[in-house]
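Every number here is computed from the coordinates shown, using simple stated rules; none is lab data. Computed from a predicted model, the values in this text were never measured in an experiment. Cβ sites come from the backbone with ideal geometry, for glycine too, and all protein chains shown count toward neighbours.
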Amino acid sequence: MSTHDRHTNVMILGSGPAGWTAAIYAARANLAPMVLHGPARGGQLMLTTEVENYPGFEHGIMGPKLMELFEAQAARFGTRIVQAWATEVDLTKRPFTVKTATDGDFTCDSLVIATGAEAMWLDLPNEVRIRDAGGGVSACATCDGAFFKNKELVVVGGGDTAMEEANFLTRYATKVTVVHRRDKLRASKIMADRATKNPKISFVWDSAVVDVLDTNGNKKIRAVVLENLKSKERTEFACGGLFIAIGHKPNTELFVGKLDCDAKGYLVTDAKSTATKIPGVFACGDVQDSVYRQAVTAAGTGCMAAIDAERWLEANGAGH
């Protein structure tokens with residue numbers, strides 16, 4: 001690969017809805033963007049079975065298929081796709097430098113960060129097997145709640161996110177049981193009150209979910225194993241779904257000390273913009289969004305980042 005091939009007007013880190021949308025818009029603006037797809041190609045949607053809430057797909061679409069379509073559309077307009085991921089970035093001088101583990105160094109005039117975030121899981125013995133099969137383990141009530149109509153569900157967590165998930169799930173579930181490690185919630189008073197006053201929500205205190213069970217290896221959840229953290233007693237608790245709401249971790253390790261992050265570790269961008277504190281560096285998707293975390297909102301900010309990058313390049317005499 002020549003030196004010319006290693007430089008791009010717009011480098012995009014990440015290949016979820018935000019990254020591919022940024023690539024589509026940048027490519028259509030003749031900026032010849034390059035995408036480093038990262039270790040989790042396709043982002044969190046690769047762990048999702050059917051997506052019913054992305055506009056344009058009346059009967060839903062499988063998460064991996066949706067990402068395949070995003071990628072194909074980006075490639076159609078001339079996006080260069082490099083099957084590697086960044087290990088280090090130098091944002092102190094222009095052009096910016098992005099180092100990779102397997103393909104050497106690349107440079108870019110502008111950088112779009114779309115590295116996403118990862119749900120924090122419980123790391124249970126059967127969790128991954130059942131989750132990846134779409135068998136009833138999820139970290140997103142908004143995404144998956146409608147698949148659990150008329151079932152009894154378990155939510156793990158005690159913060160605002162867990163209370164929000166539990167309340168949302170009562171739209172579909174016959175009952176929601178919140179399992180929390182402590183004897184009181186960490187959630188804000190308004191969120192805690194809303195959950196405790198909901199007649200469809202009950203609580204199991206001082207307890208943890210220590211395993212997920214199916215029936216004869218069919219990968220469909222039938223129960224969770226609860227452990228009382230005081231007595232150490234373990235019991236099976238029948239349920240039709242497990243929602244894990246113990247937080248998300250943004251993929252910002254590369255940018256610690258280089259870009260501003262909020263208290264949760266998400267990249268900080270200017271109001272009504274995707275611009276970071278370094279001119280020419282933009283952030284979109286779940287890496288800077290701790291509130292919505294939806295495929296459609298990620299795609300929206302990916303569009304914004306590409307337009308912001310295009311305008312910045314034009315104002316600074318770079319690109320094209």
Add +1 for every Lys or Arg and -1 for every Asp or Glu among the other residues with Cβ under 13 Å from the Cβ of W205, and state the total. +2
Gyration tensor verdict on the stretch 121-244 (Cα atoms; rounded if a/c is under 1.5, prolate if a/b is larger than b/c, oblate otherwise): oblate
Cut-off is 10 Å between beta-carbons; in what order do V154, V179 appear when sorted fewest neighbours first? V179, V154
Would you work out which of H7, V281, A238 lies farthest towards the positive end of the dipole of the chain? Charges go on Cβ: Lys and Arg +1, Asp and Glu -1. A238
For the stretch 83-129, give the magnitude of the charge dipole about the Cα centre (Cβ charges: +1 Lys/Arg, -1 Asp/Glu; no others), in debye to the nearest 20. 120 debye
Between 0 and 90 degrees, rounded to the nearest ten: what's the tilt of helix 295-315 against the longest Cα principal axis of the chain? 20 degrees
Check the cysteines of the chain one by one and keep only those with no other cysteine Cβ under 4.7 Å from their own. C108, C239, C261, C284, C303
By the C-alpha gyration tensor axes a ≥ b ≥ c (rounded if a/c is under 1.5, else prolate when a/b exceeds b/c, else oblate), the shape of the stretch 12-136 is oblate
Rounded if a/c is under 1.5, else prolate if a/b is larger than b/c, else oblate: which is the stretch 125-169, with a ≥ b ≥ c the root eigenvalues of its Cα gyration tensor? oblate
Where both partners of a DSSP beta bridge lie in the chain, what percent of those bridges are antiparallel, to the nearest 5? 45 percent
Under-5 Å amide H pairs with F96, H placed in peptide plane, nonlocal only: C108
In deg cm²/dmol, rounded to 500, what helix-only [θ] at 222 nm does the chain give when every DSSP H run of at least 4 residues adds -39500 (n - 2.57) and the total is split over its residues? -7000 deg cm²/dmol
So for each of 164-173, 81-90 I average, over its residues, the number of other beta carbons within 10 Å; can you give me the resulting order with the highest mean first? 164-173, 81-90
Just to confirm the number: angle between the C-alpha axis of helix 63-76 and the first principal axis of the chain, 0 to 90 degrees, nearest 10? 10 degrees
Which lysines have a Cα lying under 27 Å from the Cα of K258, excluding residues fewer than 8 positions away in the same chain? K93, K99, K249, K272, K277
